[in-house]
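Quick notes on the structure that follows.
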Amino acid sequence: MKLKTTAEHLVSLLAEHGVEYLFLNPGTDTAPVQEAVYTLAEAGLPAPKVLLSTFESVSLAAAHAYWNMTGRPQAVFVHVDAGTQNLGAMVHNVLRGRAGVVVIAGKTPYGEEDGPSGGRNRPIQWQQDVPDQPGIVRGYAKWIQEITRPEMLDRAIGRAVQVAASSPAGMAYLTVSRDVLMDPPRVDHSRVTGFPVPLPPAAELSVRTLRGAKTQVEQCILVAFDAATHAAWQHALASQ
């Protein structure tokens, strides 16, 4: 199947990078993503399972819980500035709990002409056009990126999952407008590898050895070793 929209490309990339669930709170900017999930599923292609929620903070809490259970980052899609604000105190919990999550927020369309390209078609889309939407979560996010063009998507999604999962884990916050989501996709073959990232064989052996630690001191050494080794390995991969 040939992907027709950047939204379809986004959904397929999430699946490719190990995202199993997309916690979604619909709004005026999410229709392309909802359609993309349906289209990929109908074609038998991998796509995250969509879980709807009545409130954004519930979605982020669920993604946080999934990280705690599996150590794999999931994605949350929220609606522009209001949806980002509705994440509420859960962004604090993600920061302090060092949970790996990818939050994707819609953004007011760039185009000011109504039509099939996804431009603005309601007055509220001018009211939602705030000067610094990422500033709502800037103090709590590990990494922030605005996807302004389809060709940015490959690297942005891969980098978001990689950053969210690497130690210390945290929230990657992406924004993307409806008109960009409706653009034809453009594949960047130099994209960033996402998750999972394997440890080097020597580190895996050392970790297995330390897993048998019995005393509190040994357990503290194990935690520190895991964090330091994973961070060093991530740095080495990023430098390649």
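The dipole here belongs to the stretch 1-152: it is taken about the Cα centre, uses +1 on the Cβ of Lys and Arg and -1 on the Cβ of Asp and Glu, and is about 560 debye. Taking amide hydrogens as placed 1.01 Å from N in the peptide plane, the amide H of Lys107 sits under 5 Å from those of Val80, Val176, Ser177, Arg178, each at least 5 positions away in sequence or on another chain. Each peptide in 6-15, 116-125, 86-95 receives the mean, over its residues, of other Cβ atoms within 10 Å, and ordering these scores from highest gives 6-15, 86-95, 116-125. Here the 3J(HN,Hα) profile of the stretch 24-40, calculated from phi with Karplus coefficients 6.51, -1.76 and 1.60 at θ = phi - 60°, is 10, 10, x, x, 5, 9, 9, 4, x, 6, 4, 5, 5, 4, 5, 4, 5 Hz, Gly and Pro shown as x.
Summary of packing: across the peptides 53-65, 131-143, the per-residue average of other C-beta atoms within 10 Å ranks them, highest first, as 53-65, 131-143.
Projected label points at Tyr110 and Arg155, each 7 Å from Cα along the beta carbon direction, are separated by 1.6 nanometres.
The numbers here are math on the coordinates, done by the rules we state, and not lab data. Here the structure is a predicted model, which means the values were calculated and not measured. Counting neighbours? That spans all protein chains shown, and the Cβs are built from the backbone with ideal geometry, glycine included.
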